[in-house]
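The values are calculated or read from the model by the stated rules, or taken from the named source; none is laboratory data. Just so we're clear, the structure is a prediction, and the values are computed from it rather than from any experiment. Note that each Cβ is placed from the backbone with ideal geometry, even for glycine, and that neighbours are counted across all protein chains shown. For accessibility, only protein heavy atoms count, side chains too; no ligands or nucleic acids. Shrake-Rupley method; radii C 1.70, N 1.55, O 1.52, S 1.80 Å.
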Amino acid sequence: MNMISFANPDWIVFNPTVHGSFEGIKKWIWIVSHLVADQKFMTIFSPLYGAGILLFTTT
C-alpha cells in the first residue's frame, strides 16, 4: 500500500488529481487507502526498531 508514496513525489500524495480525473471509484480507492493503510507501517515498526536497539545495547 505504501508504494504509491515511495514511487511518486511527496506532493502527489496530497494532490491525487495529478494523474487525471479524481471521480468515482478512483476517489473512493484513494480515500479508503489513505484512511486504512497509508503510513501505518511507521506505527508498527517504530516500537519494533526501538525495542531491537534497546535489546542490542543492553547486552
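One table, with the values for the structure above:
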{"quantity": "Helix 40-58 vs. the chain, principal-axis angle (Cα, 0 to 90°, nearest 10)", "calculated": "10"}
{"quantity": "Length released on extending from Leu35 to Val18, taking residue separation times 0.36 nm less the Cα-Cα span", "calculated": "4.1 nm"}
{"quantity": "Per residue accessible area of the chain, 1.4 Å probe, in Å²", "calculated": "85"}
{"quantity": "Between 0 and 90°, nearest 10: helix 25-36 axis offset from the chain longest Cα axis", "calculated": "20"}
{"quantity": "Largest to smallest principal axis extent of the C-alpha atoms in region 1-57, angstrom", "calculated": "51, 20, 13"}
{"quantity": "Cleavage-rule hits (chymotrypsin sites (Phe, Trp or Tyr not before Pro)) in the chain: DSSP loop, at most 14 neighbouring Cβ within 10 angstrom", "calculated": "Phe22"}
